[in-house]
Number of protein chains: 2
Amino acid sequence: MPEFFNVMPPQQALQTLLARLDVSLPRASECISLTVSLGRATSTDIISPETLPAFPRSTVDGFSVNAIDTFGATPGLPSYLEVIGEVSMGKPPSISLNTGQTAVTYTGGMLADRADAVVMIEDTQQIDEHTVEVLRPVAIGENMVHPGEDVHAGDTIIAQGKIIRPQDIGALQSVGINHIRATKKPRVALLSMGDEVISSDQTPIVGQIRDINTHTISAMISQSGGIPIPLGIARDDFDEQLKMAKSGLSEADILVFSAGSSVSIRDITADIINALGDPGVIIHGLSLKPGKPAIIGIIDQKPVFGLPGNPVSAMIVFDLLIRPTIYQLAGCKFPPEPSTVIAQLGANIPSAPGREDYVPVKLENSDVSIIAHPILGKSNLIYTLARADGLIQVPIDKSGLYEGDFVKVRLF
Amino acid sequence: MPEFFNVMPPQQALQTLLARLDVSLPRASECISLTVSLGRATSTDIISPETLPAFPRSTVDGFSVNAIDTFGATPGLPSYLEVIGEVSMGKPPSISLNTGQTAVTYTGGMLADRADAVVMIEDTQQIDEHTVEVLRPVAIGENMVHPGEDVHAGDTIIAQGKIIRPQDIGALQSVGINHIRATKKPRVALLSMGDEVISSDQTPIVGQIRDINTHTISAMISQSGGIPIPLGIARDDFDEQLKMAKSGLSEADILVFSAGSSVSIRDITADIINALGDPGVIIHGLSLKPGKPAIIGIIDQKPVFGLPGNPVSAMIVFDLLIRPTIYQLAGCKFPPEPSTVIAQLGANIPSAPGREDYVPVKLENSDVSIIAHPILGKSNLIYTLARADGLIQVPIDKSGLYEGDFVKVRLF
């Protein structure tokens, strides 16, 4: 008879795993150029070496002024100012204003010396080369940015553990930083198992199937910021699997087994994990459909996962457990939020309480909302997910969802 | 006096641009391996060459049976079946069932010949090597997948213009497809302009600023599936800018100018675009804040954009206009949805009707919801976006949003 499943909700399983990983272990980091930093996690706080802007900058095209010279100006009673020149872009200003004087000033350029505001060109009327009418008053500091208004030298500009976005690259380069220390990408070794599994570039005979989990899970590892290390396909043989797993674990930060995790007379994955080292298997079975037979272990502080062989279960367990673990090992404190949309269910979905269900859905735009049509099938076929736009979750305490219910669809 | 702005809402500007691009022009495509296909758009429908599963497959570990042999079975009155062997994994079955016979069968493996269902091992009790008790009846087809239930030879499995996801890679490999034709990635040339702009690896003197738009926009181009081609920084000189723009346009599918698009005596971008070819500038100015001075043009069916120089405007205009244009040129009919979360505004936001406003926000988790705190500033500084978690939109017909309003935050 099969062993008893002590199944655990997926979120609790993830917390249990992460709590047993020693977060005080320093993660390996490397110095990288900003040009390849998109999506990487910073391994240190980054401090600005400079103050920005370094000089008083205009935010409009117009005229540097002393604000006081414009007070009370109206189209009917303008202020007349003497134009004494133009502040060239990219050069220190050679122009200093006295009372009643002004200088042409450009967006992004410096103000003239001793100016304290800028009048927009739209609020002026040039009379001749040397005279301009100001039609509206400006306040001190108007239409300009003060030195340090963007960032001050010594400010923490990017916190440790943040994922670099396009604007972070810009923010760093604006203060002259072109390289950062990033946590190394976690390496994830992936072992497919099963006598019936052949490489995807081979032609199966009757009874054989192509290995697809290696490729779907490798793609998901890349998407999550990890480096996939496919180990190949092991036969249903304890010694062969143990040897390949050992070798994979020695060069990786995470080890993932695909297939062989069902309660089965073929199921040797748990034995392999226990034979690899301590503590071995820590969780066997999740209150999750699909994905119930998943296994979680730890070997020498490295997370190890046994994924169910069917591709839908494997991808869902990856998303719920391995993706956040990769982010954790990447030193990422703020993982990106998965994309979601709100939709209305197109049909009832039955479920059993005490279990989280994930159901693939196809989205359709209707006049009033987005409709999520469940793709129901009696088994977990890869085309169920290939035809789907996303997944919806039936929470653990619900016995199903009803047509018309508003649901959050995880785009997948 | 400045020229009159005929400003247009961003969505209308995008539709105007895309409507003038000839969609019947075939986009260049290339044959790529599935291992590098993640995120690429298919340039043809892809048809399955095979039927999957190719054989009747068990979805559980248990026993192949004729369902009729199990009818009426209960724990108290089980059906007794003769175990005549085991269906090996990955080999054609050598076992054929007669009435009252069964064979051990594994998850993912074939059924025995002439079986029409599988009994789960959990619903059996093995008496000895040759006899098993079945404790529960199964229906015909139960616990198995029929040939073709996943996909049939001749089915369209991935439609033209779809972006390849991990499950699509698996779906293609499951039927033996390892290469696809993908639309070539659009090449986007990027020209920074301005006498005050220096390369980000140089040290500015007073009045100079480092070029950051090249790097923020390049990162956004990569994120959108394009190939950035930075052309460098052109001085404020018509001939130099025209020459660099011509050269960039000749090797790219899209040309982007950064800075110089404000209504300004320095503004020569529109003249450059008109000098490049026909029809030249088609839209000058958007009812958008920040981003109003953006320019859109077309030269020989290639889209051309003039981005405002300030980095926040440039990124927002990119997101609203250039990102969807890249997806269009990539032949992508179903661009990915941007990530969003629903949050409650932490403060009032004033706005002017007749204009779409985008306001950076910092998110904070509260007990009941997520709070979006607007990051208000009088100008568009890169650190506004570096400190933000996302953007909210104040719609064109609203004069502002109120503290406590529920808003959709575009994670950015």
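In this structure the amide hydrogen of B:Ile342, modeled in the peptide plane, comes within under 5 Å of the amide hydrogens of B:Val409, none closer than 5 places in sequence on its chain. Considering all different alpha carbon pairs of chain A, the Kirkwood hydrodynamic radius works out to 25.9 Å. Charge tally around A:Ser174: other residues with Cβ under 15 Å, Lys/Arg +1 each, Asp/Glu -1 each, net -4. With 18 Å as the cut-off, how large is the P(r) tail for the stretch A:201-355, expressed as percent of Cα-Cα pairs? So the pairs more than 18 Å apart make up 62 percent of the total in the stretch A:201-355. Position A:Leu18: other-copy label points at 3.7 nm, ordered by increasing distance, label point 7 Å along Cα→C-beta. Across the stretch B:340-411, the mean sequence separation of Cα contacts (distance under 8 Å, 6 or more residues apart), normalised by length, yields a relative contact order of 49 percent.
Here the stretch B:57-145 has an Rg and Dmax of 11.3, 36 Å, counting Cα atoms alone.
Considering the dipole of the stretch A:113-181 built from charges on the beta carbon (Lys and Arg +1, Asp and Glu -1) around the Cα centre, which of A:Val119, A:Ile177, A:Ala139 is farthest to its positive end? Of the listed residues, the answer is A:Ile177.
Chain B comes nearest to the axis taking it onto chain A at the Cβ of one residue; that residue and its distance, in whole Å, are B:Ser339, 2.
Counting only lysines at least 8 places from B:Lys184 when in the same chain, those with an alpha carbon closer than 18 Å to its own are B:Lys162, B:Lys302, B:Lys333.
For the protein assembly as shown, the mean projected area of the C-alpha convex hull, equal to one quarter of the hull surface, is 37.4 nm².
Only the Cβ atoms of Lys and Arg (+1) and of Asp and Glu (-1) were treated as charged; on that basis the dipole of the protein assembly as shown about its Cα centre amounts to roughly 360 debye. Among the chymotrypsin sites (Phe, Trp or Tyr not before Pro) in the stretch B:17-125, those placed in a DSSP loop whose Cβ has at most 13 other Cβ atoms within 10 Å are B:Phe71. Across the identical copies, the 7 Å label point of B:Gly354, projected outward along Cα→Cβ, sits 6.5 nm from its counterparts, in ascending order.
When chain A is treated as a GNM with alpha-carbon contacts under 10 Å, the residue of A:Leu321, A:Leu191, A:Leu81 showing the greatest mean-square fluctuation is A:Leu81. Site pair B:Glu129 and B:Asn178 shows an inter-label distance of 4.3 nm when each label is modelled 7 Å from Cα along Cα→Cβ. The calculated FRET efficiency for B:Arg136 paired with A:His152, based on their beta-carbon distance and R0 = 51 Å, is about 0.10.
Taking label positions 7 Å along the Cα-Cβ direction at both A:Glu364 and B:Lys333, the computed distance is 1.7 nm, reported to one decimal. Using the Cβ-Cβ distance between A:Tyr402 and B:Glu240 with R0 = 56 Å, the FRET efficiency computed as 1/(1 + (r/R0)^6) comes to roughly 0.30. Of the residues A:Met193, A:Gln11, A:Ala372, the one whose Cα sits farthest towards the positive end of the charge dipole of chain A is A:Met193 (charges of +1 on Lys and Arg Cβ, -1 on Asp and Glu Cβ, taken about the Cα centre).
For B:Ile47, the distances from its label point to the matching points in the remaining copies are 6.6 nm, ordered from shortest, with each point set 7 Å beyond Cα toward Cβ. Label-to-label distance for B:Phe71 and A:Gln12 is 4.3 nm, based on points extended 7 Å past Cα in the beta-carbon direction.
For chain B, the dipole from Cβ point charges (+1 on Lys and Arg, -1 on Asp and Glu) about the Cα centre works out to 1520 debye, to the nearest 20.
What the Cα atoms of the stretch A:5-45 give is an Rg and a Dmax of 16.1, 48 Å. When only the Cβ of Lys, Arg, Asp and Glu is charged (+1, +1, -1, -1), the dipole of the stretch A:340-411 relative to its Cα centre reaches about 240 debye.
The value of relative contact order for chain B, using C-alpha pairs under 8 Å at least six residues apart, is 16 percent. Rg then Dmax, both in Å and based on the Cα atoms of the stretch B:340-411: 11.5, 36.
All of the numbers you see were taken from the coordinates with simple rules; none came from a lab. Since the structure is predicted, the reported quantities are computational estimates derived from the model, not experimental observations. Every residue, glycine among them, receives a Cβ derived from its backbone with ideal geometry; neighbour counts consider all protein chains shown.
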